[in-house]
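The values are calculated or read from the model by the stated rules, or taken from the named source; none is laboratory data. All figures in this text were calculated on a predicted structure; none of them were measured in a lab. Using ideal geometry, Cβ is built from the backbone for each residue, glycine included, and neighbour counts are taken over all protein chains shown. Heads up: the accessible areas ignore ligands, DNA and RNA and are worked out on the full protein's heavy atoms, side chains in. Shrake-Rupley method; radii C 1.70, N 1.55, O 1.52, S 1.80 Å.
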Amino acid sequence: MRHYEFVDHTADIAIKAFGESLAEAFAVAAEAMFDIITDKSPVDGHEEVQIEVEADDLEGLLVVFLSRLIFVHEVDRLVLKDFRVELSGHWRLQATGRGEKFVSSKHGHGNHVKGVSYHMIEVFDGREKKPSHVQVLFDV
Amino acid sequence: MDWEGFLKRAGECRFEISSSYLSAAMKQNRVMMNTPGLVYADEEMMKAIKADDSLEQVANVATLPGIVGKSMAMPDIHHGYGFAIGGVAAFDAHDGIISPGGVGYDINCGVRLLRSDLTYEDIRHRITKLIDTMFDNVPCGVGSEGRIQLSPAQLDEVLRRGPGWAVENGYGWEDDLDVTEDRGCIEGADPALVSPTAKKRGKGQLGSLGAGNHFLEIQRVDEIYDAEAARVFGVTEKNQILLMIHTGSRGCGHQICTDYLEIMRQANRKYNIPLLDRELSCAPAMSPEAQSYFTAMKCAANFAWANRQMIAHWVRESFASVLGRPADKLGLAMIYDVAHNIAKLEEHDFEGRRRQLYVHRKGATRAFGPGRPEVPEKYRSVGQPVLIPGDMGTASYLLVGTDLAMGETFGSSCHGAGRSASRHVSRKRHPANAVIEELKRKGIYLQAKSRRVISEEAPGAYKDVDRVVDVSQRAGIVRRVVRLVPVGVVKG
C-alpha cells in the first residue's frame, strides 16, 4: 500500500503517493521528495527532526509540510527518511523524520526541488475506499 | 481537447484562442475570458502544444481581472502550473492584478552572456581544463552553497541593491552594471518584506548555480546573421568564444514565491477573485498583499542578478588562471544580463494610450526594441539583447528586440527551447553515458554533478531551439543576431 509513482508532466516532477491512511500518504510524499533530491541513495537515520505545521485546508497542509522540508534540507542540510505523520484538527500536522547531514559523495545529486506547487494537487482520504493518496507537483 | 472552433490562424506564426471559449472550470467559477489568447507557433508546433494543457492555461490567464491586451504565449510554450511556461500577460497597474504564479518559483531566473577576444582555436586544447576549473570554482548541484556566508546586514544589502553590492565588494567590474537589465537593481526592494525563512535559505547560496536546467557554457559563434548589431554587442567573428550563465535566485527566490503564494491564497478569498487553478492566485494590483509581494519579488530579482554577477566573476577568474592572463586582457566583458521569470511595472503604448502595466513574463524574455530608455545607451540604436539558452547539445542565441514586439507583446519574446519530454521519460530514453558520448562526438565537453540531471537534460528532451527562434523571428518579435554552439558545459 505504501508506495509512490511518477505522474507525467513535461517541465516538472509530479508524484502520486499512496498509503493505508492519509497521514501515511503524506509521509510517503515526503519520502518521495527526498528520493528526488538524493538520487535515491540510502540515508542513514540518526538525527530526528520534528515538524509541526498548520494550514487552512488539507491541500495547503500538504504544500506547507513539504515546503518546510525543503527548508530543513537547504538550511539544516539534512536528508530525511522514515516519516511518521499525524493529522489532526482543521488542519494540523505533526511529523517526525530521521536522517543525517547531506553529503554529496554519499547521497548523490538528484534534482533540486525549488518549490511545492498547488497545480494538479490532490488529497484523497481513503477512509471508506482505500488507499488514501496525495498528488503533488514539485517545481524543479 | 481539440480546440475545434476556438483556435484559428491569426497571421504569420500566430494562433488565436477565441475569447468565446468556456471550459467546464470557467462555467463552474462563473468567469469568462476577458480577452483572446495569442500563441506564437507554426502548424507543426501547434500539434505538440495541443497535446498538453498549456492552451487551457493561456485561456485561464485571460480570465484574470484587468488583463490588458491578449493572454500570450511564446513558441517555447509548455505546460507549467497556473500560467503556462512561455506565458506573457500584462495587467493594468490600477485595475489589474499581480500574481506570483505569473512569475514562478525561480524569480529572475535569467541569462548572462560574456564576450571574449578569444577564438575557438585559441582554447580548443584547454576546454577540459577551463570547464573543470569553472566546475570547481562555481558551487553547483543539489545542496550547493555559495563560497561566502552573508551576514544578515550583507544579505539585506544584496536584496536591496543586487550586483551593485557585489561589484563594490570586488566581484566584477563597474561597467557590468551598465549592461544588466535595470542595472541589476529594481528600485523599491525592501528586505523587511522578505521572511526570515527566505533569508535563511538565501544567505548561504549567493554565488551558486543550482541544478536542473541551469548551466555554465563556453560557446563559440556558429553564425552571425546581423554583423552590425553583433559588432555593437562586441561579437565580430565566427568561432569567437562567448560565455553563458543560466541560473536564478536560488532558495531565496523560491521561498519568497512559496511564502507569497500562501498570502495570495488568502487574498484571493478576501477580494473574491474566482480561482481556476490555485497557482493563479493573485490580488488586486493596488492591494497591500500584491504590493508586498511585488516588493519582495524585487528583492529576489536583485539577489538573482547579484548571483549571476558573483558567478561571472568566478568564471572570469577561472579563465584568467587557466590561460595565465587577466580577464580584462582576455576581453571578458559582459554583453548583457536579462531575466525570463519576472513581473515588471512598465510603461507601454496600448490602443493609443500610455499605460502603466504589470507585465508578467513566465519563461519569456523582455525584448525591447530600439530607442527605449531601458535599453543600455550603447545598444539603444539596435535594441535590447535577448539571450536564449538552448539545451546542452544544440545551440543558444543572441537576438534583439523589435518595434513590432513593443506594440504586440509588450516587448517580450521566447526564453529557450522548452521541454518536449518529461524528465521521467527522458531518464528512460537517454542514459547518462549515452548523452556524454553523444556530446563528445559533437565536440562538447560536459562536467556535471548529477548523472540523473545529465539524462533529464539530454538534448532529445527539448524542443528544437532553432525552430523556436525561427518562429519568433518570422513572427517579427525578435531579430536573430548570433547563433552560438556549446563547446564546454557545466551542469548542476
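For peptide B:416-425, compute the average count of partner chain beta-carbon atoms within 10 Å of each residue's beta-carbon. Mind showing how you got there, number by number?
Values: counts 0, 0, 2, 4, 1, 2, 9, 10, 8, 3.
Mean shielding count: 4.
Go through B:HIS360, B:ILE131, B:GLY188 and say which Cα lies farthest out towards the positive end of the charge dipole of the protein assembly as shown; charges sit on Cβ, +1 for Lys and Arg, -1 for Asp and Glu.
Of B:HIS360, B:ILE131, B:GLY188, it is B:ILE131.
In whole angstrom, note down how far apart the Cα centers of the range B:211-271 and the range A:36-78 are.
If we compute the Cα centre of each part, the gap is 28 Å.
Report, in whole Å, the centroid distance computed from the Cα atoms of the range B:140-184 and the range B:294-352.
Spelled out, the Cα-based centre of one part sits 10 Å from the other.
Percent relative contact order of the range A:23-100, based on C-alpha pairs within less than 8 angstrom and at least six residues apart?
45
Starting from the eigenvalues of the Cα gyration tensor, five times each then square-rooted, give me the equivalent ellipsoid semi-axes of the range B:282-372, largest first, whole Å. Kindly include the intermediate steps, with their values, before the conclusion.
Details: eigenvalues 260, 65, 14 Å².
Equivalent ellipsoid semi-axes, largest first: 36, 18, 8 Å.
Taking the 0 to 90 degree range and rounding to the nearest ten, how far is the long axis of helix B:465-475 tilted relative to the main principal axis of chain B, both from C-alpha atoms?
50
Round to the nearest 10 and give me the degree value, 0 to 90, for the angle of helix A:22-38's Cα axis relative to the longest principal axis of chain A.
The two axes meet at around 30 degrees.
Might you report the magnitude of the Cβ-based charge dipole of the range B:255-371 about its Cα centre, with Lys and Arg at +1 and Asp and Glu at -1, to the nearest 20 debye?
Approximately 80 debye in magnitude.
Roughly how much of B:TRP305 is accessible, in Å² to the nearest 10, using a 1.4 Å probe?
Around 0 Å² of this residue is reachable by solvent.
In whole Å, what is the distance between the alpha-carbon centres of the range A:7-25 and the range B:1-70?
Here the two parts' Cα centres lie 29 Å apart.
Over all directions, average the projected area of the Cα convex hull of the protein assembly as shown and note it in nm².
Averaging across all directions leaves 25.8 nm² for the Cα convex hull.
Computed from the mean reciprocal separation of all distinct C-alpha pairs, what Kirkwood hydrodynamic radius does the range B:171-327 have, in Å?
After inverting the pairwise mean of 1/r, the radius is 18.2 Å.
What's the local net charge at B:ARG201, with K and R +1, D and E -1, over the other residues with C-beta under 10 Å away?
Numbers: positive: B:LYS199, B:LYS200, B:LYS203, B:ARG250; negative: A:GLU74.
Neighbourhood net charge equals +3.
With no solvent and one equal point scatterer placed on each C-alpha of chain B, evaluate the Debye formula and give log10 I(q)/I(0) for q = 0.10, 0.13 Å⁻¹, two decimals.
-0.70, -1.23
Treating the angle as unsigned and between 0 and 90°, give the value, to the nearest 10°, between the Cα long axis of helix A:58-75 and the longest Cα principal axis of chain A.
10
Which links in A:LYS40/B:LYS199; A:LYS101/B:LYS428; A:LYS130/B:LYS428; B:LYS47/B:LYS428 stretch past 27 Å when you go from one Cα to the other?
Check vs 27 Å cut-off fails for A:LYS40/B:LYS199; A:LYS101/B:LYS428; A:LYS130/B:LYS428.
Shielding by partners for B:254-263, please: the mean number of other protein chain Cβ atoms within 10 Å of each residue's Cβ.
Counting other chains' Cβ atoms within 10 Å and averaging over B:254-263 gives 5.
What does the charge count around B:LYS344 come to, taking other residues whose C-beta lies under 10 Å from its C-beta (Lys +1, Arg +1, Asp -1, Glu -1)? Spell out each step's value before the answer.
Working: positive: B:LYS298, B:ARG361, B:ARG366; negative: B:GLU181, B:ASP182, B:GLU346, B:GLU374.
Around B:LYS344, the charge tally is -1.
Compute the semi-axes of the equivalent ellipsoid of chain A, taking the square root of 5 times each eigenvalue of the Cα gyration tensor, and list them largest first in whole Å.
22, 17, 14
Compute the Cα gyration tensor for the range A:29-108, then decide on rounded, prolate or oblate, letting a ≥ b ≥ c be the square roots of its eigenvalues: rounded whenever a/c is under 1.5, prolate when a/b is larger than b/c in the other cases, and oblate in all that remain.
Taking the square roots of the gyration eigenvalues as a ≥ b ≥ c, the range A:29-108 is prolate.
Show me B:235-245, B:207-217, B:409-419 ranked by packing, highest mean number of other Cβ atoms within 10 Å first.
B:409-419, B:207-217, B:235-245
Over the alpha-carbon set of the range B:1-50, work out the extent along each principal axis and list the three values in angstrom, largest first.
Its Cα atoms span 33, 19, 15 Å along the three principal axes.
Leaving out same-chain residues fewer than 8 places away, which lysines sit with a Cα under 18 Å from that of B:LYS50?
B:LYS8, B:LYS463
About its Cα centre, what dipole magnitude does chain B give when the only charges are +1 on Lys and Arg Cβ and -1 on Asp and Glu Cβ, stated in debye to the nearest 20? Working shown, then result.
Details: 62 positive and 61 negative charges, 221 e Å.
For chain B, the charge dipole is close to 1060 debye.
What 222 nm value per residue comes from the helices of chain B, counting each DSSP H run with n ≥ 4 as -39,500 (n - 2.57) and dividing by all residues, nearest 500 deg cm²/dmol?
Rounded to the nearest 500, the figure is -10000 deg cm²/dmol.
Please list the non-local residues whose amide H lies under 5 Å from the amide H of B:GLY80, H modeled 1.01 Å from N, same-chain partners needing a gap of 5 or more.
B:ILE85
Count, for each residue of A:1-11, the Cβ atoms from other chains sitting within 10 Å of its Cβ, then give me the mean as a whole number.
On the way: counts 0, 0, 0, 0, 1, 5, 2, 7, 10, 17, 14.
Rounded to a whole number, the mean comes out at 5.
From Cα coordinates alone, what are the radius of gyration and Dmax values for the range B:405-489 in angstrom?
Just the Cα atoms of the range B:405-489 yield Rg and Dmax of 15.6, 47 Å.
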